[in-house]
Structures are given as C-alpha cells and as structure tokens.
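Down below is the structure, laid out as structure tokens.
The values are calculated or read from the model by the stated rules, or taken from the named source; none is laboratory data. Just so you know, these numbers come straight off a predicted model, no measurement behind them. Cβ placement follows ideal geometry from the backbone for every residue including glycine, while neighbour counts extend to all protein chains displayed.
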Amino acid sequence: MAGITKIGKYLVRRELGKGAMGVVYEGFDPLIERTVAIKTILPQRLGSDQEHDVLARFKREAQAAGKLNHPGIVAVYDYGEVVVEDDLTHLLSDAGAPAKVPMVAFIAMEFVKGRELRDFFEAQERFELRDVQRLMGEMLGALAHAHANGVVHRDMKPANLIVLPDGRIKIADFGIARVDKSELTQAGTVMGTPSYMSPEQFMGQPVDGRSDIFSCGVILYQFLTGEKPFSGSATTIMYKVLREEPLAPSILNVSLPAEMDAVVKKAIAKNPDERYQSAAEFAAAIERVVTAATAARSLTPKQTADADATIVKTVVMAPRIDPAEPATTRRLDAPLQPAVAPSPSKPARRSKSMAAVLVGVAVIAAVSVYLVLGGAGRDGDQQFSSRTGPEPGSALAPAKVAESSPPGEEQALLPGHVIVSALGLVDPSDPRFNGDMGAALAEARADAKRQLVEKVLSLHVEGGSINSNYAIIHEKLLSQSGNFIKMVLQEGAPAAGKHGLVEAQARAVVQVRSVQKSLNELSKAERIDFIRNNGDPKVAIQMTVANADSAEPLPGARSKLAENVVKERIKSFGFRVWANEGDTTSSQAAGNADFLIQGEARVKQLSAKLAASGLTITKTVLTSWTVSAVDKATGEEIYQNTVMPKGQSWATEDQALADIGKQMGDEFSKNFFLQHFSFGVRTTMLNITGLPDAKAAQSLLHELRGVRRVLDVQMVGDTGRFRLKLPDGNAADLVQDDVIRPLNAKLGQNCLTMGSSSESEVNVSFASACAETGVRAKFETIPPAGLLLAPDSRGKPLLKASPVKTMV
C-alpha cells in the first residue's frame, strides 16, 4: 500500500519490514507520545481459504501476548481491524476514479531495538558460558510468567528471541501460542518450526509448557555447540526428534563441563514427563552447572607481581579442529587459527559411524582447550588466546610463518573483519598511576587495544585528520575499543622497556565495519568533517518500473532511461558506474562493483474528463517506490527508503521515468559512498637485506608493530623478510614515509634505504655501518619510531625523555 500515514489512532512513521501478507511499520501513539511497532495483515491479499485461519492466528497473538506483562516479553498494546486511506486513494479520488479503501488488521506492540538471536548463531558469534546461563535464565523466567498465565508459546526459536543492545533478551511472536480455554487451536494441528518442535507437536498431540522447555533445550544445545541437535529436511528432522538422540554437547565442545550434557538431555527428553517440569526448574539446573564450572576453572595469580594476570573463563563454542594438526598445545610463537565455522558452501561432514565418532572424540580430547583471556567484546564476542605462551613480563613472541602461502587465519575471516597487531605504550612515571606499577601495566594493555582500533581507523581517515581530531576520537572511539575487537589472537604480557616506557603487544581480529559505522556516527554527532582517504568506489545500477495495475507479482522491466539518469548522478561524483549483473554487456564489471543501487517503482495511468471542455486528460502517477543500496562485499543493505515523493504526476511515462530516476539518484551523495566504502587491505612483502642477525630482525618486527599504517606484520622465516598488511595504495610510498623516515630519525642516520619495489614487494637495505653496537642499542633505549607520527597528545609525553624530538 502506498503512503499510509495513519492506522487507527497511530501515526505511521516508516516501514520496518514487509512480508507476503502484510507490513510492519514504526508508528507513534500521539495520545501518550509512545513509539510502537505496528504489525499488519491485509486480508485482501489472502485467499478465502486462508483468511479465516490467518486472522484467527493474528488475533491469538494479540490475545496471548496481551495477557502478559513481563520485561522479557515484547508487550502488546492494542489490536484492531480498521479501514485506512493512503496517498494513492486521494490521487484516485482527485482524478474522479473510484477508490478501493483497504481494510487492515493490526497489532500495536512494544517497539524493540535489537538483534535476533538467530543472527548471532548464523554469524557463528560466541557466548561465554556465564552469558549463556544469564540469557537462558531470562528467557526461561519470561516463559515461566507466560505459563503461569496459561500461555504456551509453541514456537520458541532464535528468530523469536531479540537480544537488546544492553544484552537482555525478549521473547516475541506469540502467533501460534496456545491460550488456556481458547478454541483457536485444536488437538491434531501441527504448527511450529521443525528444528525446534517437540515430539508432541510433531504428533499433533496437546501441548503444555513442557513443549516450550523442549524448544529451549534445543536453543541451549545451539548456544553450547553452534549446531542444531536436529537438522535436515522436515521429514528427517521429525524422524530424529521422535527416534534419535543427538550427540552429547561435550563431544562437539570439549570445554564444556560434563554435567551440562545431563541438563541438555533432560530438557530434550522425548517424553514430556522426563523433562524439567517447569521453566524455573530448568533455569536452576543450568545455573548450578555453570556456577560449579566457573568456580572449578577459575585461576588466580600466583604472584602479586603478575599484575595483569586475568581470570580464565570457559569458552562455550569449541574451536574447529584440523585433524591433520598435531595434538599439541599452541604457543604464542606459532600462527594461530581463529575458531570459526566452516564456509557455508562447504559444510563440515560428520560420519554417522560409531568408529568415526570415537576417533573424533580421541582427537578432540588430545587437543588443548582454548580459553578466554580478558573481557567480552560487543554482542558476546570473546577474546581468544592459547593457554601457554611467554613467561610473564615478556613481549609478544614473533609469529614466524611459512613463506609459500598466506596464513590460514586470513582465509577464515568474515567480511568486514581484519587482523591487526599493535603496540601499547605508557609512561609509568605518569602522575595518574601514583607509582602503582600494576596500574601502568593494565593501562599498557588497554592502550594496545586502542591502537588496534586506531590502525583500523586509519583505513578510512587521513592521518593528519586523525591527529587533529585525536581528543574526540580517543574519547568516543578508542576508549570503547572492546566494542570493535572480535577476538584476541595473541597477547604479550606488559613489560618495562629499557627506554623507560611500559609496553604491551596484541594481535586481534577487529571489526572494520563497526569502526566505520561508529566513525560515521561520530562525524554526524560532533559535526566533524574528517578528511577521508581517497577512494574510487564502483557502483552498479538496477532500476525497474512496473505497472501498478498489473497482477504480475514479479518485478517490472528494467528502465534504461531511469538507470541512465541515476548513472549521470553517480558519475558526477567521479565514481565508476555500470548496469547491474543482468546487463550482459557489463556483467563482469558490475560483479566487481562495491555498491549496488536498486530502485523499484510502480506507476499508474489515470484518466479524468474535464467537465468544462469535455476533454480527457491522462496523467502518469507514482504509486510506490523503493530505493536501496547494498554493500556488495557483505550483502548488507546500507540504505533503504520507501517514503514516496508526494503529489507527483507527469504528462507522459517517459517524463515520469526520467524524473523518478533523478529523484532516486538524489537520494545519494558523494559522502554517502565514502562513508560506507571499504578501503582495501593488501599483502606486501618487505625484504630488508643487510641485517646483522636475528636480534636485529626482531627489533624491526617490534618497530613495525608500532607503525599506525602497518595493520599487521609477521616475520617470514628467520631474518629479514616480513609479511605486511597495508592499506590499499602505493606500498613503497607508505614504507618510505611511515617506516624508513621515522626509523632513520630514531637511529640518527640513514640506516635504511629504499630499493626496488613492485605492487607486492618492497626491498630495503640496512647499512652495514648501523650494525655498530651503539647504533643498534637505540632500538631498545629510544621509544618506538612510530611515536614520531603520532598525535602530539600521545607522542610528545612518551618521547619527552628521548633525544629524538622531530623528524629529520
């Protein structure tokens, strides 16, 4: 429906989502000034055989949730069936055409901002065991309230669980709930989502609260293992639910306490009488196991001098294990593999034979358990490190990698993530520490995390712009570094250096997209015009136009006229544009585009006879439109607008298409694309010849970690070769400006000289005269050269004791 502005007493602000039977809107109750979500059903879109059942379920959702008042349940405020008018109704009326006024059934409910739990699972995001216990406890507490009020949800699944920004969880969608004394659901009716349905639901038997407990047991299994206990086609799932027992969670996740297997087994028992008999009983069982496991596995520092020792907590999703990997504990001087799921296109295969299961158990048992160090990042992301590593007080050991191929961890990264290594630095004599070395050590670790985020920020913002706005960047972004770090791969214990500063090194997966979005919000909120790095986004265009009178449900035909108008708009920014993939002449180029702009418009021909002259005038009017932009790298829809321009009509269809194309193009600005553009990361080999020994190579590795625009560095082989992750651009210029110049300034002479270079390799020579002991000693006795390019508020205080004051 086009341009709905009011449903009942509620003002309609915008469309939130659309389905086959209706639309969800953001609305506003002007009487009590409250924002609501308005879920609608359009009976006219249903067949006569569907209408009664669908409306009955819709009313039941309002009836079920309306009985409940609990902070863990999305509240329902109102239900109604009303006649609505939209902008198209008025256009038709003005043209003298008869207007069909649609009827809408609606539910006004609490407006909730958050993410479906399903999104976390699909992204393979991990939850700490204590967070699992909390979330399950909140979910089961809300269900206990529903059951006490005679309401059984019957469709408990991750898609109906909303995780709020503060970490709390809410239950939504009581659309197939059973309400005591309700005649709407009869025995024999099978309703639900197969992977989460109880045996009694599949059998069409009467259900009670224990059916919801079964579904929550399936969700708990997924929390603990990342897998569904019952999967396959609907028929296969039904057979498994009725006949088979899934693998115990601890087989798939060796870090789980064995007692958790018994909890899950009881929750998903085939017979309802063998399950937990109440949600409260189930929640209490989970809490007992988690409390015992946390107490058993917590470690405390053996010495008070280990000021940065951290309580070790259990990870609740097991790392994927490579059967070819030796069954030994990883050290920090070996490359680490992130614990991620296999690609969706190549799912992990699990043998059904008992022999294969036993072999798998033996392999898993032999491999050391990955443990969490440090706090959780945003959305339950955890920070990972291996159990063993350098002794306390040592630096991060160099991660030596094979020369022939990139590390496997790079291949496993999700879109919008990058591996970054950084160096944290603090002055222990700073008055804020008041002589407390433990506080200085902790701050060094925190500074390493901030530097990880600052490096990612440098992908989007020119260095001078970062420095000039550093105070606000530090306050609003860097101080919130935990929000952007997906997982920590390696972390060295903080230690005092010979230059008088305390150092801490870290290597982690950082969420580039999250940094970018926060930067955009900061720019808007603080009205700072950050100088963005130069980029040349590629944009593909797809514009379709259809006749609103057509019953054809498929999209309309491509409009070259509208597309060309949008292209001219995008070209005016200096960007490259192509038609969408459907254009065979440019499909390959469009497939490499960074953004896809999609527009869909529906137009209608209206005729009106003028009373005075008797002439019939035909006008083309716009009845609906949708404009969106998609990030091709991630598939994320970064922009959508369905708010149609008002009062538009044209004498001819060509005029309509040209003007619609112009208005769609006007939705986008040059800054829009630059704010969302993913600036690329490239791998470059840095070869430094003439280094006297391995110690000099390790000193350079340490220096490279402290350079802002060197995102990551790993030593290849023993000496002289380094694999760098750099922003897209001229690698030789970056090495010259950000590595060679500041290092030569620190060492006091031209020790490093640029040699030949290519797109993938940069050669540098180290002068033999600089192998002299006095020069080499400066690597350790003078702070890292990267500070010379840091903002004054960071660099000057740390360099104050150093003879190096300015660049040479």
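Assorted remarks:
- Residues in the range 577-609 that are among the basic types (Lys, Arg) and at pLDDT 80 or above: 2 in all.
- Members of the range 675-695 that are in a helix (DSSP H, G or I) and either buried (at least 17 other Cβ atoms within 10 Å of the Cβ) or among the acidic types (Asp, Glu) (or both): Gln675, His676
- Residues in the range 164-181 that are surrounded by 21 or more Cβ atoms within 10 Å (Cβ to Cβ), at pLDDT 90 or above and among the hydrophobic types (A, V, I, L, M, F, W, C): Ile171 only.
- Residue match in the range 779-799 (condition: in contact with a Ser or Thr (Cβ under 8 Å, 6 or more places away or on another chain), at pLDDT 90 or above, outside the structural domain of Glu454 (by TED's automatic domain parsing) and surrounded by fewer than 17 Cβ atoms within 10 Å (Cβ to Cβ)): yes
- Strands (runs of 3 or more DSSP E) wholly inside the range 416-532 containing at least 2 residues that are touching a residue at least 12 places away in the same chain (Cβ under 8 Å) and among the charged types (D, E, K, R): 485-491, 502-511
- In this structure, Ala440 does not qualify as of a type in the set (A, V, I, L, M), more than 16 Å from Gly492 (Cα to Cα) and more than 25 Å from the chain's Cα centre (by Cα).
Residues checked against (1) touching a residue at least 40 places away in the same chain (Cβ under 8 Å); (2) in a helix (DSSP H, G or I); (3) closer than 30 Å to Ala123 by Cβ:
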position: Ser628; (1), (2), (3): no, no, yes
position: Thr634; (1), (2), (3): yes, no, yes
position: Tyr639; (1), (2), (3): no, no, yes
position: Pro645; (1), (2), (3): no, no, no
position: Ala656; (1), (2), (3): yes, yes, no
position: Asp659; (1), (2), (3): no, yes, no
position: Lys662; (1), (2), (3): yes, yes, no
position: Phe673; (1), (2), (3): yes, yes, yes
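- Meeting the requirement of 1 or more residues that are touching a residue at least 12 places away in the same chain (Cβ under 8 Å) and either more than 25 Å from Leu501 (Cβ to Cβ) or within 35 Å of the chain's Cα centre (by Cα) (or both), the helices (runs of 4 or more DSSP H) wholly within the range 707-790 are 731-735.
- Checking each residue in the range 705-723 for being touching a helix residue (DSSP H, G or I) at 6+ places or on another chain (Cβ under 7 Å) and either hydrophobic (A, V, I, L, M, F, W, C) or not assigned by TED's automatic domain parsing to the domain that holds Ala785 (or both) picks out Val707, Val710, Leu711, Val713, Met715, Phe722.
- Annotation: Ser93 fulfils all but one of (1) closer than 22 Å to Asp29 by Cα; (2) at pLDDT below 65; (3) among the hydroxyl-bearing types (Ser, Thr, Tyr); the unmet one is (1).
- Condition met for Leu129 (within 22 Å of the chain's Cα centre (by Cα), of a type outside the set (Asp, Glu), modelled with pLDDT of 85 or more and buried (at least 22 other Cβ atoms within 10 Å of the Cβ)): yes
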